[in-house]
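Encoded as structure tokens, the structure appears first; notes follow it.
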Amino acid sequence: MARAGVTPERLAQAGAELADEVGFEHVTVSELARRFGVKVASLYSHVRSSHDLKTRIALLALEEMADRASDALAGRAGKEALAAFADAYRGYAREHPGRYAAARYRLDPQTAAASAGVRHAQMMRAILRGYDLPEPDGTHAVRMLGGVFHGYVELELSGGFAHTPVDPEESWAWIVDSLDALLRGRPAAASAT
């Protein structure tokens with residue numbers, strides 16, 4: 001018999017909160033069972049496995065990040081949209097480091113194709129339409145932006161900038177300005193040949 005109030009959605013939410021507290025890699029079904037005051041076996045009527053739980057947390061995080069980015073992008077274009085997207089991504093990671101890590105969890109192709117991760121790519125491509133990049137440059141740009149944003153956030157979250165004299169906010173603004181300049185300066189005609 002399922003414990004009243006325990007649902008797959010509540011488990012994913014509790015798992016996301018736990019991830020922010022202790023790190024995504026430390027989220028376990030047994031810890032959630034302890035927090036809900038139930039036996040581990042009873043949670044398996046709501047999630048199939050630890051992998052299923054982590055997938056649900058990842059999907060929740062991707063959805064939250066996509067919602068935040070979508071709100072940030074409303075009414076913006078060009079460099080302003082690029083900065084808003086970047087700031088939304090970074091802000092989410094700083095506020096929810098465990099959920100951010102969960103959003104990087106490897107999903108099977110079918111689950112990934114139906115996830116909010118697709119919305120992230122669509123928003124990034126919408127931003128890049130303002131830079132008039134032909135293919136395959138558009139795909140290269142999506143990968144570059146994702147790599148730069150993720151790399152910076154990972155370094156920042158791990159304390160990589162703690163002992164440098166330059167303010168990380170100043171570096172972040174410089175990076176966004178540089179990305180905008182790079183994308184604006186990329187000759188569309190030369191790329192298409």
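Overview of values
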item	result
All positions within the stretch 150-172 that are within 19 Å of Leu82 (Cα to Cα) and in contact (Cβ under 8 Å) with a residue 24 or more places away in the chain	His150, Tyr152, Val153, Trp172
Qualifying residues in the stretch 104-120 (those that are farther than 14 Å from Arg68 by Cα and in contact with a helix residue (DSSP H, G or I) (Cβ under 7 Å, 6 or more places away or on another chain)) - the one surrounded by the fewest Cβ atoms within 10 Å (Cβ to Cβ)	Thr111
Long-range neighbours under 6 Å by Cβ, at least six apart or interchain, first residue touching a residue at least 12 places away in the same chain (Cβ under 8 Å) within the stretch 67-86, second part of a loop (DSSP other than H, G, I, E, B) and charged (D, E, K, R)	Ala84/Arg76
Condition broken by Arg56, with the remaining ones in (1) surrounded by fewer than 18 Cβ atoms within 10 Å (Cβ to Cβ); (2) in a helix (DSSP H, G or I); (3) touching a helix residue (DSSP H, G or I) at 6+ places or on another chain (Cβ under 6 Å); (4) not small (Gly, Ala, Ser) satisfied	(1)
Those residues of the stretch 3-20 which are within 16 Å of Ala61 (Cβ to Cβ) and surrounded by fewer than 12 Cβ atoms within 10 Å (Cβ to Cβ), in sequence order	Glu9
Condition met for Ser191 (of a type in the set (Gly, Ala, Ser), modelled with pLDDT under 95, surrounded by 12 or more Cβ atoms within 10 Å (Cβ to Cβ) and part of a helix (DSSP H, G or I))	yes
Extreme residue, surrounded by the most Cβ atoms within 10 Å (Cβ to Cβ), among residues of the stretch 63-86 that are of a type in the set (A, V, I, L, M, F, W, C) and not in a helix (DSSP H, G or I)	Ala77
Boolean, Leu62 is under 16 Å from Phe149 (Cβ atoms) and in contact with a helix residue (DSSP H, G or I) (Cβ under 9 Å, 6 or more places away or on another chain)	yes
Criterion (at pLDDT below 95, in contact with a helix residue (DSSP H, G or I) (Cβ under 9 Å, 6 or more places away or on another chain), in a helix (DSSP H, G or I) and not aromatic (Phe, Trp, Tyr)) met by exactly one of Glu9, Glu17, Glu21	Glu9
Failed item, numbered, when Ala101 is tested on (1) under 24 Å from Trp174 (Cβ atoms); (2) modelled with pLDDT of 95 or more; (3) touching a helix residue (DSSP H, G or I) at 6+ places or on another chain (Cβ under 7 Å)	(1)
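The values are calculated or read from the model by the stated rules, or taken from the named source; none is laboratory data. Predicted, not measured: the structure shown is a model, and the values here were computed from it. When we count neighbours, we look across all protein chains shown, and the Cβ atoms used for this are built from the backbone with ideal geometry, even at glycine.
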